[in-house]
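The block underneath contains the structure these notes are about, expressed in structure tokens.
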Amino acid sequence: MRVLILNGPNLNLLGTREVEKYGLASLDEIERSLVQEGEELGVEVVCVQTDHEGSLIHEIHEARGLFDGIVLNPGGLAHSSVALLDAVLAVSIPVVEVHITNTQARESFRRGSLVARGVWGRLEGMGPLGYRWALKALVEHLKTRIKH
């Protein structure tokens, strides 16, 4: 089983960007912990980050046939990208959307996610731990699908 961890714009700045909101953990630290968690779960985890909407869409398209599931933090694109939603819908791969902060407690323009309409599940406001829980939930979901 293979899972793609896909991070969008500005997430490469974790650990230094608005640490009062996003915490001190760097994206590299988060990704290393997810690869390790994947090993413990018997799952190969591949991590990709890009600041470009088109690259995110390309990675989702390329995931077809290569990955069983995707953990996606689209960053600010969650609130504005119909194209990203369309990519999620087009590939028929279970996706869990993750946000480090609680978007419902932030600015009004961050409270809605277009991407949420196409995902299997969503976690937000749990800091970097949300990635781990998203990975575990996705793997359990995928195991259930394989059994049937």
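The values are calculated or read from the model by the stated rules, or taken from the named source; none is laboratory data. As the structure is a computational prediction, the values presented were derived from the model and not from experiment. Every residue, glycine as well, gets a Cβ built from its backbone with ideal geometry; the counts of neighbours run over all protein chains shown.
Having 1 or more residues that are among the charged types (D, E, K, R) and either touching a residue at least 12 places away in the same chain (Cβ under 8 Å) or within 30 Å of Thr144 (Cβ to Cβ) (or both) is the bar; report the strands (runs of 3 or more DSSP E) wholly within the range 1-73 that clear it.
Values: elements: 2-7, 44-49, 69-73.
Output list reads 2-7, 44-49.
Take the conditions touching a residue at least 40 places away in the same chain (Cβ under 8 Å), in a helix (DSSP H, G or I) and out of contact with any Cys (no Cβ under 7 Å at 6 or more places or on another chain) and apply them to Gly76. Does it pass?
Working: touching a residue at least 40 places away in the same chain (Cβ under 8 Å): yes; in a helix (DSSP H, G or I): yes; out of contact with any Cys (no Cβ under 7 Å at 6 or more places or on another chain): yes.
Answer is yes for this residue.
Of the numbered conditions (1) over 17 Å from Gly130 (Cα atoms); (2) among the aliphatic types (A, V, I, L, M); (3) not in a loop (DSSP other than H, G, I, E, B), Ile93 fails exactly one; give the number of that condition.
Condition not satisfied by Ile93: (3).
For the range 22-43, give me each residue that is under 15 Å from Leu129 (Cβ atoms) and not hydroxyl-bearing (Ser, Thr, Tyr).
Within the range 22-43, Gly23, Leu24, Ala25, Leu27, Glu29, Ile30, Glu31, Arg32, Leu34, Gln36, Glu37 qualify.
Would you point out the residue of the range 55-80, among those that are of a type in the set (Gly, Ala, Ser) and at pLDDT below 95, that is farthest from the chain's Cα centre (by Cα)?
Result: Ser80.
Using beta carbons and a limit of 7 Å, which pairs, at least six apart or on different chains, have the first residue in the range 117-134 and among the acidic types (Asp, Glu) and the second one in a helix (DSSP H, G or I)?
Listed pairs, sorted by first residue: Glu124/Thr103; Glu124/Gly130.
Of (1) at pLDDT 95 or above; (2) under 14 Å from Gly8 (Cβ atoms), Ile93 satisfies all except one. Which?
All conditions are met except number (2).
Among the residues of the range 102-139, count how many are over 20 Å from Val88 (Cβ atoms) and either modelled with pLDDT of 90 or more or in contact with a Gly (Cβ under 6 Å, 6 or more places away or on another chain) (or both). First the steps, then the outcome.
We begin by selecting, within the range 102-139, every residue over 20 Å from Val88 (Cβ atoms); these are 102, 104-109, 125-129, 132, 136.
Still in the running and either modelled with pLDDT of 90 or more or in contact with a Gly (Cβ under 6 Å, 6 or more places away or on another chain) (or both): 102, 125-129, 132, 136.
Qualifying residue count, the range 102-139: 8.
For the range 22-70, how many residues are aliphatic (A, V, I, L, M) and touching an Asp or Glu at 6+ places or on another chain (Cβ under 6 Å)? I'd like the intermediate steps shown before the answer.
First pass over the range 22-70, keeping only residues aliphatic (A, V, I, L, M): 24-25, 27, 30, 34-35, 41, 43, 45-46, 48, 56-57, 60, 63, 66, 70.
Among the residues that remain, those that are also touching an Asp or Glu at 6+ places or on another chain (Cβ under 6 Å) are: 48.
Of the residues in the range 22-70, 1 are aliphatic (A, V, I, L, M) and touching an Asp or Glu at 6+ places or on another chain (Cβ under 6 Å).
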